[in-house]
Amino acid sequence: METKKNEIKEMNVGTDFKHVSIGDVCAFSEKMFLKDATGATSCELSFGVLNSGEAVPFFHAHKQNEEQYIVLSGAGDFQVNDTVFPIANGSVIRVATAGNRSLRCTSDEPLRYICIQAKEGSLEQYTMGDGVITDQEVRW
C-alpha cells in the first residue's frame with residue numbers, strides 16, 4: 001500500500017470551533033501535529049506511524065505534559081524507563097512527565113497511534129462535572 005503525505009485542510013470555522021481534516025488516517029505516513037491547525041489551547045494532539053521494524057529514534061520525557069498514546073493499528077513494544085511491554089490495536093498508555101519513553105513497531109503492518117499531550121495534574125473537572133446541559137436547538 002502506497003502512503004502519502006497528508007495535508008491539513010480547514011473545513012469549517014466558527015467563533016467557538018475549528019474543523020479540520022487530515023484525510024485518511026489509515027494512509028498517512030509521518031508524524032502530524034494538530035494543536036496549531038485546530039487552535040487548541042489545552043492539549044497537543046498528534047498522529048504517528050511507524051512502519052515494520054521502525055522505532056522512534058530517541059527516548060524523551062516532558063517538563064510539564066503527560067502523554068496518552070492510543071494505538072489504532074499494528075503492534076509493537078513500548079518502553080518507559082527500564083520497563084518494556086507489548087502494545088497493539090486498542091492499547092492506551094499514559095506516561096507521566098518524568099517517564100522516559102519510546103516505542104517501536106514489531107508487526108508487519110504499520111503501528112498507527114494518536115498521542116495526546118496535556119499539562120500533568122491540570123484536569124480538575126471532566127465529563128458532566130464540567131459540562132452543562134443547554135437549551136440549544138438541534139438543527140439536523
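None of the figures in this text is laboratory data; all of them are computed from the coordinates on show. Quick caveat: nothing in here was measured; it's all calculated off a predicted structure. With ideal geometry, Cβ positions are generated from the backbone for all residues, glycine too; neighbour counts draw on all protein chains shown.
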Discussion item. Tell me the Kirkwood radius of the chain: reciprocal of the mean inverse pair distance over distinct alpha-carbon atoms, in Å.
Written reply: 16.9
Item to complete: With runs of 4+ DSSP H residues as the only contributors, calculate the mean residue ellipticity of the chain at 222 nm using -39,500 (n - 2.57) per run, divided by the residue total and rounded to the nearest 500.
Response: -500 deg cm²/dmol
Response to the item:
Within the set Q125, Q117, Q68, GNM on the chain using Cα springs under 10 Å gives the largest fluctuation to Q125
Practice prompt. Please report R94, R104 as a ranked list, fewest other C-beta atoms within 10 angstrom at the top and most at the bottom.
Written response: R94, R104
Discussion item. I want to verify a result. In a Gaussian network model of the chain, Cα cutoff 10 Å, which of these has the top mean-square fluctuation: G74, G14, G53?
Written reply: G14
Worksheet item: With charges set only on the Cβ (+1 for Lys and Arg, -1 for Asp and Glu), what does the dipole of the stretch 12-55 come to about its Cα centre, in debye to the nearest 20?
Response: 80
Fill in: ³J(HN,Hα), Karplus 6.51/-1.76/1.60, whole Hz, each residue of the stretch 93-101, x for Gly, Pro
10, 9, 10, 5, 3, 6, x, 7, 10
Item to complete: Just need the relative contact order of the stretch 1-118 here, percent rounded to a whole number, with Cα pairs under 8 Å and 6+ apart.
Response: 28
Response to the item:
In order over the stretch 78-88: 3J(HN,Hα) from phi, Karplus 6.51/-1.76/1.60, θ = phi - 60°, whole Hz, x for each Gly or Pro, gives 10, 10, 10, 6, 9, 9, 10, 9, x, 10, 7
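Give the order of Y69, Y126 when sorted by the count of other beta carbons within 10 angstrom, beginning with the fewest.
Y126, Y69
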Worksheet, complete the sentence: Once the dipole of the chain is set up from charges on Cβ (+1 Lys and Arg, -1 Asp and Glu), the residue from the list F33, T15, W140 lying farthest towards its positive end is F33
Worksheet item: Which number comes out as Rg/Rh for the stretch 72-140 once both Rg and the Kirkwood Rh are worked out on C-alpha atoms?
Response: 1.17
Discussion item. Neighbour counts of other C-beta atoms within 10 Å: give me C115, C26 arranged from fewest to most.
Written reply: C26, C115
Practice prompt. Place a +1 charge on the Cβ of each Lys and Arg in the chain and a -1 charge on the Cβ of each Asp and Glu, then give the dipole magnitude about the Cα centre in debye, rounded to the nearest 20.
Written response: 220
Worksheet item: Can you tell which of P57, Q79, N100 lies farthest toward the positive end of the dipole of the stretch 26-121, using +1 and -1 charges on the Cβ of basic and acidic side chains (Lys, Arg; Asp, Glu)?
Response: N100
